[in-house]
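*Asks:* Okay, handing you the structure first.
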Ligand code: HAH
């Protein structure tokens, strides 16, 4: 594509389809400014809006890093996706304890309400949607809900309760359920069942967040299509919330310091296919967020294998557009 020497802007390329976001850390907000402002019109805090950071001790709120992200987004007219209120990780134990014992339901609900109230009243004009509940569904086996402290303290209704509190506290925000492996048939069917049940019980839920932590090997276009169609059939908006495409098979060890040509070639093909599907479904897919900005800073360097370098994003370690980037912006229209 000839752009007269200028790299096209991702978000402008997609302005007729969906918003294009990136997850940021307090560091990348400073080190990746050019890429961020040129390519993205939505931000998610990778960690800094999680309960363990916003309220590490009861009543002690730490808004500094979240504020910096919100200020940056406002300055550059970007949207912000809020991530997250109810999750089994990065949530301090005090939420669930009362004098060393498991707290009763009323107390935990009250704490969740206070947390949501404090955060949404601070940012209510700025954060347009929230991942209210993250990763509540069990990957394998017959049980639907993951065994978590939320489930233990609040019972099976906890997801509905969380959405109701969020709606009450921030009536204007779009409220999402968010999960990984959300296109894998076994888990997809469970998530679908959960969402259907929530809708039937008039739960105020607006959307489904498909995380999209995918890789270059295990991939089915049909699974992605089918999942989008199923969730959308429940009258839910779809966001792709945490997209990255790992160049490694899940737990395959690697000591590579640079990606192989083959890896990059497969990755380009995947990104091309994925974004082609998203464009096809842009009636329902309203936002696509990459889980990071460029390959120099990615959570996948530490997950699921610590120290295994990965290159899952659209910009390389020097912040240059990769082949995958060019494939994503190269389409008619
Ligand atoms: C996500 N979990 C979380 O939603 C996000 O908050 C975190 O920063 C990184 C990833 C993904 C995940 C997974 O893909 C497989 C197993 C557990 C968790």
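No value in this document is a laboratory result; all are computed from the given coordinates. For clarity, every value in this text was computed on a predicted model and none was experimentally measured. Cβ coordinates were reconstructed from backbone atoms using ideal geometry, including for glycine residues, and neighbour counts include every protein chain displayed.
*Asks:* Where q = 0.15, 0.16, 0.20 Å⁻¹, what log10 of I(q)/I(0) comes from the Debye formula for the range 111-259, counting one point per Cα?
*Replies:* Normalising to I(0) and taking log10 leaves -0.82, -0.91, -1.25.
*Asks:* In the range 297-322, which residues have a backbone nitrogen under 20 Å from the label point lying 7 Å from residue 261's Cα in the Cα-to-Cβ direction?
*Replies:* Label zone hits: 311, 316-317, 321-322.
*Asks:* On a C-alpha basis, how far is the centre of the range 273-293 from the centre of the range 26-52 in Å? Whole number, if you could?
*Replies:* 19
*Asks:* Taking only the alpha-carbon positions of the range 99-157 and ignoring solvent, what does the Debye formula give for the base-10 log of I(q)/I(0) at q = 0.27 Å⁻¹?
*Replies:* Listed by q, the Debye log ratios stand at -1.12.
*Asks:* For the range 1-160, max minus min Cα coordinate along each principal axis, in Å, sorted largest first?
*Replies:* Largest to smallest, the principal-axis extents are 65, 39, 24 Å.
*Asks:* Tell me the relative contact order for the range 31-83 as a rounded percent, counting alpha carbon contacts under 8 Å between residues six or more apart.
*Replies:* Values: 45 pairs, mean separation 26.4, N = 53.
Dividing the mean separation by the residue count of the range 31-83 yields 50 percent.
*Asks:* Less than 15 Å from a label point 7 Å out along the Cα-to-Cβ axis of residue 283: which backbone N atoms in the range 224-239 qualify, by residue?
*Replies:* 226, 228-238
*Asks:* Using a Förster radius of 45 Å, what is the FRET efficiency between residue 114 and residue 37 based on their Cβ-Cβ separation? Nearest 0.05, please.
*Replies:* 0.80
*Asks:* Here's something else I'd like to know. Is the C-alpha gyration tensor of the range 222-268 telling us rounded, prolate or oblate? Criteria: a/c under 1.5 is rounded; beyond that, a/b larger than b/c is prolate, otherwise oblate.
*Replies:* It comes out prolate by the Cα gyration axes.
*Asks:* Ranked by Cβ crowding within 10 angstrom, fewest neighbours first, how are 254, 324 ordered?
*Replies:* In order of increasing Cβ crowding within 10 Å: 254, 324.
*Asks:* Same structure again: Nearest 10 degrees, 0 to 90: what angle lies between the long axis of helix 105-123 and the longest principal axis of the chain (Cα atoms)?
*Replies:* Its long axis makes an angle of about 50 degrees.
*Asks:* Oh, and also: Against the longest alpha carbon principal axis of the chain, how many degrees, from 0 to 90 and to the nearest 10, is the axis of helix 158-169 turned?
*Replies:* Rounded to the nearest ten degrees, it is 90.
*Asks:* How many angstrom lie between the Cα centre of the range 217-261 and the Cα centre of the range 129-143?
*Replies:* If we compute the Cα centre of each part, the gap is 17 Å.
*Asks:* For the chain, what is the mean residue ellipticity at 222 nm derived from helices alone (per DSSP H run of n ≥ 4: -39500 (n - 2.57); sum divided by total residues; nearest 500 deg cm²/dmol)?
*Replies:* About -11000 deg cm²/dmol.
*Asks:* Restricting everything to alpha-carbon atoms, can you work out Rg to Rh for the range 40-132 with a Kirkwood hydrodynamic radius?
*Replies:* On the way: Rg = 13.9 Å, Rh = 13.8 Å.
Value, to two decimals: 1.01.
*Asks:* Does anyone have the angle between helix 221-232 and the longest principal axis of the chain? Alpha-carbon axes, 0 to 90°, nearest 10?
*Replies:* Orientation of helix 221-232: about 40 degrees from the principal axis.
*Asks:* Semi-axes of the equivalent ellipsoid of the chain: what are they in whole Å, largest first, if each equals the square root of 5 times a C-alpha gyration tensor eigenvalue?
*Replies:* Details: eigenvalues 204, 96, 80 Å².
The answer is 32, 22, 20 Å, longest axis first.
*Asks:* Separate question: What value in Å³ per residue do you get for the convex hull of the alpha-carbon atoms in the range 184-320?
*Replies:* With only Cα atoms used, the range 184-320 gives 115 Å³ per residue.
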